[in-house]
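Input: a single structure, listed below in structure tokens.
The values are calculated or read from the model by the stated rules, or taken from the named source; none is laboratory data. Treat the numbers as computed from the prediction; the structure is a model and nothing was measured. With ideal geometry, Cβ positions are generated from the backbone for all residues, glycine too; neighbour counts draw on all protein chains shown. Side chains are part of the model used for accessible areas, which takes the heavy atoms of the whole protein and leaves out ligands, DNA and RNA. Shrake-Rupley method; radii C 1.70, N 1.55, O 1.52, S 1.80 Å.
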Amino acid sequence: SEVGVYFKTTHSPVIDDLLGNVTKIAHKHGIKIFAWMTTRHATYGVEEDVLDSSYSLSDQEYKTLPKLDLFDEKVVWELQQLYLDLAEYPIDGILLQDDFVMRHMEGFGTEARVQYLSEFDKDLEAKNMYSELELKDNGRVKRIVYSEEFWRFQNWKNTRLIVVADALVKIVKKVNPQLKFALNVGYELLNKPKNALAWYAHDDRLVRKFDSVA
């Protein structure tokens, strides 16, 4: 396949089963191997109803996003099965790529909307997420003031990332308890945590689910 992963699995297209050989060579030379793994970008051949939606500030409309909706339990189950196949290899750890984020105008997928309405008894509307907005001539954001509901939304998405991270870590460690987990993070997490929450739905609670960050 032209897209997919580099290990044997039935839960994703396979480009080439290289991981076993690479791990063997690396270990022979005293090098540890972490599999740099995708999450939300693992959209290989999925139906549109499990994809997320984003809100375009310039066009003021929702658009299908080529990323998985992590609020969908089918998505989480499929990721777990993919990671279980990965855990059968003698790797030293897994590094979650920088697609394990929910950016500030993402998270408006079908399942997210259903759960938001159920939990907060109100519709999930992007226009409620900012109280002031000013765009440049090219449509990019010049200035934005997030609303109180936006911060609740981001914390809610952050909690979902924690749930998904916990699900992946626990199921993989049943196969290999020694396996280490690392997370790609932005520098904002360390020196501008409010921005990390706003832009990525990351915070220190999520980080504590991992052995290290990158």
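The single residue among TYR6, TYR44, TYR55 that is out of contact with any Cys (no Cβ under 9 Å at 6 or more places or on another chain), closer than 27 Å to PRO177 by Cα and hydroxyl-bearing (Ser, Thr, Tyr) turns out to be TYR6. Looking across the range 108-139, the residues that are among the acidic types (Asp, Glu) and open to solvent by 80 Å² or more (accessible area, probe 1.4 Å) come down to GLU119, ASP121, ASP123, GLU132, ASP137. Could you list all residues from the range 49-107 that are under 22 Å from LEU135 (Cα atoms), in contact with a Phe, Trp or Tyr (Cβ under 6 Å, 6 or more places away or on another chain) and buried (at least 19 other Cβ atoms within 10 Å of the Cβ)? Selection gives SER53, TYR55, HIS104, MET105.
For the range 162-210, taking the residues that are polar (S, T, N, Q) and in a helix (DSSP H, G or I), the one that is surrounded by the fewest Cβ atoms within 10 Å (Cβ to Cβ) is identified as ASN191. Selection of the range 140-161 for residues being open to solvent by 30 Å² or more (accessible area, probe 1.4 Å), charged (D, E, K, R) and either in a strand (DSSP E or B) or at pLDDT 95 or above (or both) yields LYS142, ARG143, GLU148, ARG152.
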